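Novice: Let me give you the structure first, and then I'll get to my questions.
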Amino acid sequence: MSESSHFLFLIALLPFIGALLPGLMIRAGRTACAVFTAVPTALALILLMMLAPAVMRGEVVQAEIEWLPQLGLSASFFLDGLGLLFATMILGVGLLITLYARFYLSGDDPMGQFYTYLLLFQGAMLGIVISGNILLLLIFWELTSLSSFLLIGYWKHLPEGRQGARMALAVTGAGGLAMIGGMLILGDIVGSYELVDILAAGDAIRASEWYLPALILILLGAFTKSAQFPFHFWLPHAMAAPTPVSAYLHSATMVKAGIFLMARMWPVLSGTDAWFYIVATTGLVTMVLGAVIALFKDDLKALLAFSTVSHLGLLTMLLGFGTQAAAVAAVFHIINHLTFKAALFMTAGIVDHETHTRDIKRLGGLRHLMPITFVIGTVTALSMAGIPFFNGFLSKEMMLEEASHTKWLGSYYVIPVFATLGALLSVAYSYRFIVHVFLGPERDDYPHKPHDPPFGMWAAPALLAVLVLVIGIMPVLAEAVVTVAANAVTGADLHPHLKIWHGVTPALYMSVFAIIGGGVLLAVHAPLQRFWNAAPRPEAKEIFEWLVDSVAGLSRRITDISHNGAISRYLAIFVVTSVAVGAAAFFGSGLAAPTRGLLSVPPVIAVGWFMLIVATVSVVMMHHSRFRALVLIGVIGLTISAGFVYLSAPDLALTQISVETVTIMLLLLALHFLPKSTPKESPLGLKIRDGVIAVLAGAGVAGLAYAFMLRDIGTISDFHIANSYEGGGGTNVVNVILVDFRGYDTYGEIIVLGIAGLIIYAVMHALLDGPASRRLRNVDYSQDRSRDRHPLMMVVVTRVLMPLAAMVGLYIFLRGHNEPGGGFVAGLVIAIALLMQYMASGFAWTQARQRIQYHAMIGTGVVIAGLTGIGSWLFGSPFLTSSYTYIHLPPIEEFEVATAMLFDLGVFLTVLGAVMLMLYSLSRIARYAGETVNLEPMDYDPAKTGSGDREEA
Amino acid sequence: MHWIILPVILPAMLAPILGFVMRHDISLARVASIAGTATLVAIAVGLTMLASDGETHVYRLGDWPAPFGIVLVLDRLSAMMVMLTSLLALVVLIHAVVTGWDARGRHFHALFQFQLMGICGAFLTGDVFNLFVFFEVLLIASYGLMIHAGGRERMQAGLQYVVMNLAGSTLFLFALGTLYASTGTLNIADLAAKVPTIPADEAALVRVAAILLMVVFAVKAALFPVQFWLPATYANAPAPVAALFAIMTKVGAYAIIRVHTLAFGPGTPGTDGLAASWLFPAAIVTIAVGAFGVLGAKRLMPLIAFSIVGSMGTLLVAVAAFSPTAMTAALYYMLHSTFAAAGLFLMADLVVSRRNGDLLRTQAPTIQNGLFAALFFGAAIAMAGMPPLSGFLGKLLILDSLRDPGTIAWAWTAILAGSLLTIVGFARAGSTLFWKSTSVPVASAESEVTDMPEPASQPATAMEIAPTMAAIALLIGLSVFAGPVSNYLEGTSAQLFDRAGYISAVLGPEGEG
C-alpha cells in the first residue's frame, strides 16, 4: 500500500464530513453555503487527481482497514480506471451542480438541507465506485437509495415529490435487497468479499451451480437502480425532485450505478448465454421503449427522463453483448451521455426557472429570448441525437457497429433493426427538444417573460456543452481515459482508437437512416401524438400505487383480523399451541419403563376426588354468578389443602389454606364493586371450541402427570433432606428450602408480592384520579346493603380472636424452621386476624386505631430480607448464607437462633404489608363509592342505650 | 466475588427505599434512581471486563454447592446482557425523567428498579426455577410500569398483557414440573450434564419439558403464534416504558439461547433439533407478521411495536440455526435491535406528545418538524436494517450465517422481503407524519379521543432529545466498532456452545459427563 493510497479513505470520507457544513454555513448566507459545499467536493477531486497518474499508468490503487472480519467486510477501497472515470464524473458534476443549484433554488427552499443531502448522496455514490469490498459496496448502494429518497422528497409539501420518493425507495430498495442476496452468494462461491479476489475468480463463479441465482439477484439490483424495463417507471417520477437533483442523480450518476455494477462485474459474470440474453435483451427493450415514450412526453423533464431510460438501456445492451468492443463503446457512451444529458437537464431547469413552465406545448420560439440557453440546448441535444461532430455520434456509431453483427436467437436482424429504431426515435425526440422549445414563432403567452439566466446558472451547462464539442471533434482526447476504463472493465489490454470516420460501414447506413427518419418522425409528430394519447396503455405509476396500496390494505386486514384484541382467542391459540407442540414432542420419543405400580384408591380419596370434580364442573356451569363461583373456588382450594394433608405435606396445606382464605376474602371485597354476574357473551360454537381445548389441555396435563408419577428418578431433594439439619439448622426441610437452600427464590417471590401491593395502590390512585371515580361516586349500592353492617356478634368474636390469632401467628412464625409454618404463613395468619377486625368494624374505624404504614411494612420487609443476605458478605460468604446457633436464656429452654429467621421476618412483614395494602386500596375505593365511616365499632352497642347509627359521610 | 450479584441486589435494595422512603419527593426519587442506574452501568462494565477473559464465574447463593443451591453464572453472554440492560435503562430513565413521564403516576421509580432487578436476575441466574422467579418479578414490575399513568386503553391492553403472560408463567410451572420429574434437577449446568445421558428412545418427558419451555420463552420473545399480546401492549404503554420493554423480548430470546443451547442443544440425543424444528418456521412467520403489521399500521406506536415483532423473528431465525456463527450474528442483531426499538419509541414520544395522538393521518406539522423527521429517519433506517446503522450489518451477519441448503431460501426470502415491507411501511409513515404535514398550513382540529395528554407546543429541549440521540449514537458505535464487538460476541458464542466448560465451572470438574 503506497503512501498516497491512504488518500482513498479521505476521498471516501470527505463528502460525509462535508455534509455537516452546509447545514451550518447556511447561517452565513446562501453563497457561503454553496462554497462550503464545493470545498469538500473540490478537495476530494484534487486528492483523486493526485492518484490519477498511477491509475492512468494501469496501476490499481488499494487501501484497506479491517472492519468486520467475521463477515468478511472491510473498509477496503479500490481505484482502477473504471473507478477513476466514475469518481471524476461524480465529483466533477457534483461541483457543477453545486454551482447551478446555488442559482436554481429559490429563497424559500431550505438550501442548507439540500446541500447536506447532496453531499450525503455524493459520498454514497463515490463509495460505490471506489469500494474494494462488495459488502461495502452494498452499504453505499443502499445509502444512495436513502439519500435519493430524501432528495426526491425535498419539496415535501408536494404530493408528487413524496410519492416519487417513496416509489424510488421501494423499487431501488427492493433491488438492493435482492442484490444483498446475490453478493452473499458470490462471496460464498469465491470465499471472499474482496473485489480483487472476486475479479480473479470469474471461471469459478461461472462454473458454480449458484451462478444463475447470483446473476439474477445482482442484475435485479442493477436493473432497478438503472431503471431498466420493467423497473423503469420510478425514474420519471423521481423528476419531482428539484432539477439539479434530476441532473445529478437521475441522469449523470446514481442511475449509472447499475451500469457501473454491470461493468464492474463484467469480467466475472459476462460471457455466458444467460448474461447475454438477460442483459442485452433487457437493454434493447428498455432502449426502444424509453425512446418511444420520450417522444410523446410534453413535460421537458419527463422527455429527458425517458430519454435517460433509453440511453441506460443502450448502455445495458452494450454490456450485455459481452464483447470487448461493446464494452469500449459502453465506457465511451457513459462519458458522452453524462456530458450531454446533465447539460440538457440543466437547460430544462433554466427554461422552467425562466418561463415557469416545462410543458413543451406552452413553449417554443425561445431562441431569441434566451440565446445562450438555446445554444447550449441545441449543442447538447444534437449530441443526444447522435449527429456527427458531437460526441454522442461517436459512441452511437460504435453501438450500431456492435449491434450490426450481434446474433439474437439465431437471427442477425433483431438487434440491428431495434437498435436502429432506438437511434431513430432518439433523433426524433432530440429534434423535438430543439424545435418545439427554441424554434418556431415567439409566443406572447409564456407564464413568465423569459430571458437568459445569470452567468452562474448557465456556466455549468455551457462547460459541458464545450466538452460535448471538444470530444465530438477531437475524440482522441478522450482516448486515454476510455482505454484505461475499458481495460478495467474487460480485464484485457485494449488499445481502442476513437475516430469520427470509420469508413462506409453498416453502422453508417443505420445512422444516416436514423437521422433522416428522426426528422420525418418529428414532422408527423402531432398526429402520432394524438394517436398515442388516445391509445390505452398501462400507467406504471397507477399500477405501482395500486400494488403498494393493496399490499398495505392486505397487511392491514391480516393484522387487524389476527390482532383483534380478543383475549380468549389469544389464550386459545396459546393453549392449542402448547398442547400440539407438547404432543408432537412427546410422541417423537418413548418413555422409560415404569418403576412404580398403581396404588389402591381408599374411599376418603375417592370422596375428595369426586368433590373436586363436582366443584370444578360447578364452577364452569355457574360462573355467571360470580359470588357462587367464588365460594366454589374456595371449596376447590380447601379440598386441595386436604389432599396435601393426606399426602403428608403439612406446610403446603397450611400455606394453601391461608392463601385461599386471604384471596377469597379480598375477592369478596372486590366483588362488591363489580357486577355480580358475568354476562353471557359467547355463542354456543365458541363454548364448544373452548370446551374442547380445555379438555384437551387438561387431558394433556393429566397424562403427563400420570406418566411421571409412575417413574422414580434421583433428584436433588435427597441432598436437601440430608443437609437440612446439618447445614441449614432446621428439621423442617420445606422451610429450610424456602429460607435457606433456595432463599434467593423466596427473596424474589416476596418482592413479587410487594410489587403487587404497590401496583394495586398505584392502580387505585390512577382509578380514583380518572374518570372511573365519577362512575364510582354515582353507583348506588344502598338496596342490597345490610342494615346491620357491623354486627355486634362479629365485633365481639373478632376482638376475642385477635390476640389468639396473633399468638398463633407468632407461634407459627417461630416454629417455622423446625415444624410446619414459617414467615409466609405467619404473615397470612396475622393478616387474616386484622382482616377480620376490618370486616367487623369497618376499615376507617380500625385504621384509626393503628399507626403502621403498609408501604413502610413492605419496604422494611424487603430491606430486612435483603440486608440479611448482604450481612453474610461481612463474614466473607455469599449472599444469603445462613448461620445459626443455640442460645440458652434462663427460664426458657435452649432454643435456636438462625439468620434464616431474620430473613423469614422480612418475608413475614412483606406478606402482611402487601395484604393490608390491598385491603387499604379496596377500602379507599369503597369510600369513593359512598361508603360511610362509622365512629363506633358496631352499629348497635347495647352498652350505650339510645345511640343508633352514628355515622358521618 | 460479590460483584456478580450486585446487578440484582442494588436495584432490589434501592427500589423499596424509593417506594417507601422517597415516595413523597419526586426530585429525590429521580436523583436516587438515576444514580442507582448509573452505578448499575458501572457495575455492568466491570462485570463485562471480568467476563471477557472467557472464564465462567459462578456465585453460589447461601454457599450451597451446585446443583443443590441456586447459582448465579457470569459468563460473556450474561455480562453482555446485563450491560445492555443497564445502558438501555439509563437512557430510558433519563428520558422518562426529563419528559416528566415518571410523575404521571405513582411509584414509577420503585417499579423501574424492581424491573431492572428482575431483568438482571433473569440474565444472571444459572437455575431454571430461579429463572421462573425472576420472570415473575419482571412480569409484575413490567405490568406496573405498563399501566403507569392509567387510562382506559392502557388498562385494557395491560390486562391482555398480564393475562397472556400469567398463562405463560403457568405453563412455565408445568414445564418445570415435567423437567424435574424427568431429570431430577433444575440447575442449568446439571441439566446440561444429565439430559445428554437420557437415551433417545426414552426422552418423551424431557422433550415435552424442553418444548413447553420454549413456548414459555416464545411468549416473552413474541414469537408466532404467541405474539398477539405484544403490539397492543407496547403501543399503549407509556413510551419510555415501551422503550425499556425493548429488552423484555430479549429476555425471552436469551432464555431460548441459554437453555436450549446448553441443556437441550447439540449433543443431546433426545432433544437435539427439537427446538429448532419449531423455532425456525415460527420465526419465519413472525417476520411476516411483523412486516405486515408495519405496512398495515394505522398508528405510529403499533407500527413500531410490529417492527419489534419482525426484528424478533429475524433474531430467532438466526438462533434457530443453533450454530456458533449464526449465534454470533444473532447476538449482534440483539444488541442492535434493542437500541433501535428504544430509539424509535423515545423518538415517537417526542413527536406524539406534540401531536394529536399517534394516528398516521395528516395533521399540521409539530414544532421542530425537521428535527423529529431526522430522528425518525435515523431510528427507522436502523430498525429497517438499512446502512449506515448497525441493522444492516446485523442483517448481513445473519444472512451470511444461514447457508444451510434446506433453509436458506426460506430464511433469506423472509428476511429480505420482510425488510422491504418494513422499509415501505416506515417510508409511508414518515412521509405522512413529517412531509405531508407540511402541506397542511392550519391545524385541522379533528381531535381524536385518546388518552394522550394535550399536545404540548413547547420545543423539545436538548435534554429531552439527548436520550433519543444517545440510542442512535449507540447504534452508530455498534456499527463503527462492529469488529471488536463481534470479536467479543464470537467468544461469547464459543463459550455458549462449550457445554463441558460450563458444566465444570458450575459443578466442578467431577460434574462433567
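Novice: So which residues in the range B:396-428 are within 7 Å of chain A (Cβ to nearest Cβ) and among the aromatic types (Phe, Trp, Tyr), if there are any at all?
Specialist: B:Trp412
Novice: Are there any pairs, at least 6 apart or on different chains, whose C-beta atoms fall under 6 Å, with the first in the range A:548-568 and without any contact (Cβ under 8 Å) to a residue 40 or more places away in the chain and the second open to solvent by less than 30 Å² (accessible area, probe 1.4 Å) and not in a helix (DSSP H, G or I), and if so, which?
Specialist: A:His563/B:Phe228
Novice: Now a separate question. Consider only pairs whose beta carbons are under 6 Å apart and that are at least six residues apart or on different chains; among these, list those whose first residue lies in the range A:42-64 and is under 19 Å from A:Phe16 (Cβ atoms) and whose second residue is assigned to a loop (DSSP other than H, G, I, E, B).
Specialist: Every condition considered, the pairs that remain are A:Ala63/A:Met1.
Novice: Residues of the range A:162-172 being of a type outside the set (D, E, K, R) and either buried (at least 23 other Cβ atoms within 10 Å of the Cβ) or at pLDDT 95 or above (or both), which ones?
Specialist: A:Gly164, A:Ala165, A:Met167, A:Ala168, A:Leu169, A:Ala170, A:Val171, A:Thr172
Novice: Only one of A:Gly859, A:Gly821, A:Gly827, A:Gly869 is in contact with a Phe, Trp or Tyr (Cβ under 7 Å, 6 or more places away or on another chain), modelled with pLDDT under 80, within 23 Å of A:Ile750 (Cβ to Cβ) and of a type outside the set (S, T, N, Q); which?
Specialist: Only one candidate qualifies: A:Gly821.
Novice: A further question on this structure: Pick out the one residue from B:Ala32, B:Ala89, B:Ala15, B:Ala96 that is surrounded by 18 or more Cβ atoms within 10 Å (Cβ to Cβ), touching an Asp or Glu at 6+ places or on another chain (Cβ under 6 Å) and closer than 30 Å to A:Val763 by Cα.
Specialist: When all the criteria are applied, what remains is B:Ala96.
Novice: Right, something else. Please determine whether any residue of the range A:58-65 is away from chain B (no Cβ under 14 Å), on the phi > 0 side of the Ramachandran plot, open to solvent by 50 Å² or more (accessible area, probe 1.4 Å) and touching a helix residue (DSSP H, G or I) at 6+ places or on another chain (Cβ under 8 Å).
Specialist: Yes, that holds for at least one residue.
Novice: Going through the range B:1-12 one residue at a time, which ones are open to solvent by less than 10 Å² (accessible area, probe 1.4 Å) and either outside any helix (DSSP H, G or I) or more than 28 Å from A:Gly913 (Cα to Cα) (or both)?
Specialist: Step one: filter the range B:1-12 for residues open to solvent by less than 10 Å² (accessible area, probe 1.4 Å), giving B:4-5, B:7-9, B:11-12.
Hit for the range B:1-12 is B:Ile4, nothing else.
Novice: Kindly indicate whether any position in the range B:123-132 is crowded, with 24+ Cβ neighbours inside 10 Å, facing another protein chain (nearest Cβ under 8 Å), part of a helix (DSSP H, G or I) and modelled with pLDDT of 95 or more.
Specialist: Within the range B:123-132, one or more residues are crowded, with 24+ Cβ neighbours inside 10 Å, facing another protein chain (nearest Cβ under 8 Å), part of a helix (DSSP H, G or I) and modelled with pLDDT of 95 or more.
Novice: Which one of A:Pro496, A:Pro536, A:Pro506 is open to solvent by less than 30 Å² (accessible area, probe 1.4 Å) and at pLDDT below 90?
Specialist: A:Pro496
Novice: Moving to a separate point now. Kindly indicate whether any position in the range A:106-121 is buried (at least 24 other Cβ atoms within 10 Å of the Cβ) and assigned to a strand (DSSP E or B).
Specialist: No: the range A:106-121 contains no residue that is buried (at least 24 other Cβ atoms within 10 Å of the Cβ) and assigned to a strand (DSSP E or B).
Novice: What's the number of the only condition in (1) touching a helix residue (DSSP H, G or I) at 6+ places or on another chain (Cβ under 8 Å); (2) surrounded by fewer than 14 Cβ atoms within 10 Å (Cβ to Cβ); (3) part of a helix (DSSP H, G or I) that A:Val482 fails to meet?
Specialist: All conditions pass for A:Val482, except number (2).
Novice: Would you point out the residue of the range B:283-296, among those that are open to solvent by less than 20 Å² (accessible area, probe 1.4 Å) and of a type in the set (Gly, Ala, Ser), that is farthest from A:Leu554 (Cα to Cα)?
Specialist: B:Ala283
Novice: Residues of the range A:738-747 being crowded, with 24+ Cβ neighbours inside 10 Å and either facing chain B (nearest Cβ under 7 Å) or not hydroxyl-bearing (Ser, Thr, Tyr) (or both), which ones?
Specialist: A:Leu738, A:Val739, A:Asp740, A:Phe741, A:Arg742, A:Gly743, A:Tyr744, listed by residue number.
Novice: Out of curiosity, is A:Ala572 more than 7 Å from chain B (Cβ to nearest Cβ), surrounded by 13 or more Cβ atoms within 10 Å (Cβ to Cβ) and not in a loop (DSSP other than H, G, I, E, B)?
Specialist: Numbers: more than 7 Å from chain B (Cβ to nearest Cβ): yes; surrounded by 13 or more Cβ atoms within 10 Å (Cβ to Cβ): yes; not in a loop (DSSP other than H, G, I, E, B): yes.
Considered against the rule, which asks whether it is more than 7 Å from chain B (Cβ to nearest Cβ), surrounded by 13 or more Cβ atoms within 10 Å (Cβ to Cβ) and not in a loop (DSSP other than H, G, I, E, B), A:Ala572 comes out as yes.
Novice: Looking at the range B:265-274 only, could you name the residues that are open to solvent by 10 Å² or more (accessible area, probe 1.4 Å) and within 11 Å of chain A (Cβ to nearest Cβ)? Before the answer, list the steps.
Specialist: Step one: list which residues in the range B:265-274 are open to solvent by 10 Å² or more (accessible area, probe 1.4 Å), which gives B:266-267, B:269, B:272-274.
Passing the criteria: B:Pro269, B:Gly273, B:Leu274.
Novice: Kindly state which helices (runs of 4 or more DSSP H) lie completely within the range A:837-953 and contain at least 2 residues that are without any contact (Cβ under 8 Å) to a residue 40 or more places away in the chain.
Specialist: Hits in the range A:837-953: A:854-874, A:899-928.
Novice: Within the range A:730-737, is even one residue closer than 30 Å to A:Ala900 by Cβ, in contact (Cβ under 8 Å) with a residue 60 or more places away in the chain and either exposed (fewer than 14 other Cβ atoms within 10 Å of the Cβ) or facing chain B (nearest Cβ under 8 Å) (or both)?
Specialist: yes
Novice: So, one more: Would you check if there is a residue in the range B:66-78 being within 26 Å of A:Leu880 (Cβ to Cβ), of a type in the set (Phe, Trp, Tyr), more than 19 Å from the chain's Cα centre (by Cα) and open to solvent by 20 Å² or more (accessible area, probe 1.4 Å)?
Specialist: For the range B:66-78, residues within 26 Å of A:Leu880 (Cβ to Cβ), of a type in the set (Phe, Trp, Tyr), more than 19 Å from the chain's Cα centre (by Cα) and open to solvent by 20 Å² or more (accessible area, probe 1.4 Å): present.
Novice: Just to be sure I understand, how many residues within the range A:858-869 are at the interface with another protein chain (Cβ under 7 Å from one of its Cβ atoms) and open to solvent by 20 Å² or more (accessible area, probe 1.4 Å)?
Specialist: Residues that pass the stated criteria total 1.
Novice: Continuing with the same structure: Restricting attention to the range A:797-814, does a residue exist that is among the polar types (S, T, N, Q) and open to solvent by 20 Å² or more (accessible area, probe 1.4 Å)?
Specialist: No - not one qualifying residue is present in the range A:797-814.
Novice: Also: For A:Leu654, indicate whether it is crowded, with 17+ Cβ neighbours inside 10 Å, more than 14 Å from chain B (Cβ to nearest Cβ) and closer than 28 Å to A:Arg927 by Cβ. Spell out the reasoning first.
Specialist: Working: crowded, with 17+ Cβ neighbours inside 10 Å: yes; more than 14 Å from chain B (Cβ to nearest Cβ): yes; closer than 28 Å to A:Arg927 by Cβ: no.
No, not satisfied.
Novice: Name the one entry in A:Leu84, A:Leu71 that is under 32 Å from the mean Cα position of the chain (by Cα) and surrounded by 18 or more Cβ atoms within 10 Å (Cβ to Cβ).
Specialist: It is A:Leu71.
Novice: Another one. Please determine whether any residue of the range A:583-599 is among the small types (Gly, Ala, Ser), more than 9 Å from chain B (Cβ to nearest Cβ), more than 30 Å from B:Leu223 (Cα to Cα) and loosely packed, with under 13 Cβ neighbours inside 10 Å.
Specialist: Yes, some residue in the range A:583-599 is among the small types (Gly, Ala, Ser), more than 9 Å from chain B (Cβ to nearest Cβ), more than 30 Å from B:Leu223 (Cα to Cα) and loosely packed, with under 13 Cβ neighbours inside 10 Å.
The values are calculated or read from the model by the stated rules, or taken from the named source; none is laboratory data. These numbers were taken from a predicted model, which means no experiment stands behind them. Here Cβ is always computed from backbone atoms with ideal geometry, including for glycine, and neighbour counts include all displayed protein chains. Side chains are part of the model used for accessible areas, which takes the heavy atoms of the whole protein and leaves out ligands, DNA and RNA. Shrake-Rupley method; radii C 1.70, N 1.55, O 1.52, S 1.80 Å.
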